[in-house]
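The values are calculated or read from the model by the stated rules, or taken from the named source; none is laboratory data. Source: prediction; values computed, not measured. Cβ placement follows ideal geometry from the backbone for every residue including glycine, while neighbour counts extend to all protein chains displayed.
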Amino acid sequence: MPFSIQASAKGNPSLVRFEDVALRYGTGPEILKHISLQFDPGSYHFLVGASGAGKSSLLRMMYLAQHPSAGRVTLFGRDVTELSRPETALLRRRIGVVFQDFRLLDHLTARENVALPLQISGQAHGRSDKDVEELLTWVGLADHMDALPPTLSGGQQQRVAIARAVIGRPNLLLADEPTGNLDDRMAVRLLYLFEELNKIGTTVVIATHNESLVDRFPHPVTRLSVGAIAPSGEMAKTPAAGPGANPATAKSAAAVAGRESP
Amino acid sequence: MRRRRQAVPLDRDATGRYLPLLVAIMVYLAALALAGAMVASKLADRWDSGLSGALTVQLPAAGPAATEGGEGDPVAQQVVALLRDTPGVTAVERLDTRDIAALLEPWLGDAGLTADLPLPGLIAVTVDADQPPDLNALRRAVLAVAPGSLVDDHQRWLGHLLDLTWAIEAMAIVVVALVVLAAAIMVAFVTRMGLAAHEQAIEVLHLIGAQDSYVARQFQSHALSLGLRGGLIGLLCALPTLYLGRHLLQRIDSGLLPEMQLLPIEWSLLVLLPVASALVAMMTARITVLRTLARMP
């Protein structure tokens, strides 16, 4: 049964909500601290910051690979720490992820890699095969559908990874440096693909260090610096936050300073 | 239509290559143990039914004259008459000297019997198995006519033999159980190795929404195939051995041993062994994967 979007405890329909979240791996130092933000359904965000600023770790919590070590993360209205394993799996099907290292399965062809989310969610074969081919053609891999990832270039693998992330028409699309291995022309083309998905309701969050690319799009930017949301600059393109504000509200650490974690 | 490859490439694992061989050995042993149990069970049935309806009356050795003709021994005649009149007795056959000599020939040789060797008189009695005579009353009556005689219902001897066959059956069942346990441990071990070897692929599958049961299906279908393959190899190797065993038993040519002919249902049990090994492998793999993944964060 598909997961229903539920209102959070406070009646807020945010798709992604972080409340004073901190993250540390094991007993190491805090990678992220005092992160508070919320992304509404249908919004489009850039997450920028230098290497090591914590972008990937923030995304890891959004795709449920990591639970916060402090604070509260709510996805689709559900506190992530309260999800059972089956619920986590169902929720992940609504989240498309482009991993920084692609994470393609090397023994499967490009076509099979892209079809995997559909296969996992048990969607019918005939239609999905056609969707997979169309999508691979769109990302410029019509001639490489049956190629194994190790035989593809970095940029081609990245496009397979992007196709796999979007094939299931996720509600939330998370992309970690999705254009890192692409030339500018292909990078812009793919960001427009994300725009198209966004227009049909997908919430898009893109982590990148390529600020020149970000500048071409009128979407809010959340800036991370040394594990925290930078006190300035992060809202540069964000419209004034308020009820129903779209595309998004992203609150700075300063704005929520002092909030008690539940 | 294009055949979909498994999301977890278990067929490339070196550990999986040895599993069919190990399962084959297990199934081979299980097949021999099962066949042994079946033969032991037949043996027990045969002895039980063959001897429970029989009594032997042993008369004390008479003088040479009495043993000669048999007919002239008045005591023996009285005992035969008594037995024939006893309700529940269906047949009485007095063995003459030649019959007894034939029975003793394997031990004494054909030249060992001379007329002056005192031999006990033997009377073979067949009783109605459903309504047997009262054995104690019969013993008392026979003793009254022929003091020193012995009425043997073979129970002591039979009991020991039946104990032996039951022990063989029990051991065979224990062997089969141990074989199943060992096979399950092996499959669990190989499955754990597979989980560790493919940790990254499994993590990706989880991150794109796979349930634990999806991952388990990858492992269980692989284990099913390996278990079936190994089981068939083991059974194919066991058949010539069983044939050889049967051939050797038949050469003994003894009335004590049954025909080692397995019934169709017994053959089906043996043929089911590869199916059973495949199912054991599949279930073990599934349980191992689900339990291991459930412990993961």
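Quick one: which of B:Arg251, B:Arg229 is at pLDDT 90 or above and either farther than 28 Å from B:Leu164 by Cβ or surrounded by fewer than 20 Cβ atoms within 10 Å (Cβ to Cβ) (or both)? It would help to see each step written out before you state the result.
Details: B:Arg251 fails: at pLDDT 90 or above.
Criteria check complete, one pass: B:Arg229.
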- Query: Among the residues of segment B:153-178, which ones are surrounded by 14 or more Cβ atoms within 10 Å (Cβ to Cβ) and charged (D, E, K, R)?
  - Reply: B:Asp153, B:Glu169
- Query: Would segment A:78-86 turn up any residue that is closer than 26 Å to A:Glu30 by Cα and under 14 Å from the mean Cα position of the chain (by Cα)?
  - Reply: no
- Query: Right, A:Leu32: buried (at least 20 other Cβ atoms within 10 Å of the Cβ), more than 12 Å from the chain's Cα centre (by Cα) and closer than 30 Å to A:Leu148 by Cβ or not?
  - Reply: no
- When you go through B:Thr67, B:Thr126, B:Thr114 one by one, which is the residue that is surrounded by fewer than 19 Cβ atoms within 10 Å (Cβ to Cβ) and either at pLDDT below 75 or among the aliphatic types (A, V, I, L, M) (or both)? B:Thr114
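With A:Ser43, A:Ser51 as the choices, which residue is over 22 Å from A:Gly154 (Cβ atoms) and either at pLDDT 95 or above or not β-branched (Val, Ile, Thr) (or both)? Break it down stepwise before answering.
On the way: A:Ser51 fails: over 22 Å from A:Gly154 (Cβ atoms).
Answer to the selection: A:Ser43.
Does A:Asp143 satisfy being of a type in the set (Asp, Glu), assigned to a helix (DSSP H, G or I), more than 11 Å from chain B (Cβ to nearest Cβ) and in contact (Cβ under 8 Å) with a residue 24 or more places away in the chain? Talk me through it step by step, then tell me what you get.
Details: of a type in the set (Asp, Glu): yes; assigned to a helix (DSSP H, G or I): yes; more than 11 Å from chain B (Cβ to nearest Cβ): yes; in contact (Cβ under 8 Å) with a residue 24 or more places away in the chain: no.
When the stated conditions are applied, A:Asp143 does not pass them.
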- Mind listing whichever residues of segment B:179-223 are hydrophobic (A, V, I, L, M, F, W, C), buried (at least 22 other Cβ atoms within 10 Å of the Cβ) and either more than 14 Å from chain A (Cβ to nearest Cβ) or not in a helix (DSSP H, G or I) (or both)? B:Val179, B:Ala183, B:Val187, B:Val190, B:Ile208, B:Ala210, B:Phe219, B:Ala223
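State which residue is nearest to the chain's Cα centre (by Cα) when the search covers only segment A:148-159 and only residues that are assigned to a helix (DSSP H, G or I) and farther than 22 Å from A:Gly201 by Cα. Lay out the reasoning, then the answer.
First, the residues of segment A:148-159 that are assigned to a helix (DSSP H, G or I): A:149-151, A:154-159.
Adding the requirement that they be farther than 22 Å from A:Gly201 by Cα leaves A:149-151, A:154-158.
Working: A:Pro149: 22, A:Pro150: 25, A:Thr151: 27, A:Gly154: 20, A:Gly155: 19, A:Gln156: 20, A:Gln157: 18, A:Gln158: 15 Å.
Result: A:Gln158.
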- Message: Exactly one of these conditions fails for A:Gly168: (1) within 14 Å of chain B (Cβ to nearest Cβ); (2) in contact (Cβ under 8 Å) with a residue 40 or more places away in the chain; (3) surrounded by fewer than 20 Cβ atoms within 10 Å (Cβ to Cβ). Give me its number.
- Response: (3)
- Message: List the residue pairs whose Cβ atoms are under 7 Å apart, where the first residue sits in segment B:154-182 and is in contact (Cβ under 8 Å) with a residue 60 or more places away in the chain, the second is of a type in the set (Phe, Trp, Tyr) and in a helix (DSSP H, G or I), and the two are 6 or more positions apart or on different chains.
- Response: B:Leu158/B:Trp47; B:Leu161/B:Trp47; B:Leu162/B:Trp47
- Item | Residue list for segment A:210-231, filter: in contact (Cβ under 8 Å) with a residue 12 or more places away in the chain and either in a strand (DSSP E or B) or surrounded by fewer than 15 Cβ atoms within 10 Å (Cβ to Cβ) (or both) | A:Glu211, A:Arg216, A:Pro218, A:Val221, A:Thr222, A:Arg223, A:Leu224, A:Ser225, A:Val226, A:Ala228, A:Ile229, A:Pro231
- Would you please name the residue that is farthest from A:Leu75 (Cα to Cα), looking only at residues in segment A:146-165 that are within 14 Å of chain B (Cβ to nearest Cβ) and surrounded by 18 or more Cβ atoms within 10 Å (Cβ to Cβ)? A:Pro149
- Item | Total residues in segment B:1-21, condition more than 12 Å from chain A (Cβ to nearest Cβ) and either modelled with pLDDT under 80 or surrounded by 13 or more Cβ atoms within 10 Å (Cβ to Cβ) (or both) | 6
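Being assigned to a helix (DSSP H, G or I) and buried (at least 18 other Cβ atoms within 10 Å of the Cβ) is the requirement here; does B:Ala144 meet it?
Details: assigned to a helix (DSSP H, G or I): yes; buried (at least 18 other Cβ atoms within 10 Å of the Cβ): no.
Taking the combined requirement at face value, the residue does not satisfy it.
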- Message: Need a quick list: strands (runs of 3 or more DSSP E) entirely within segment A:21-131 having at least 1 residues that are away from chain B (no Cβ under 14 Å).
- Response: A:30-39, A:44-48, A:70-75
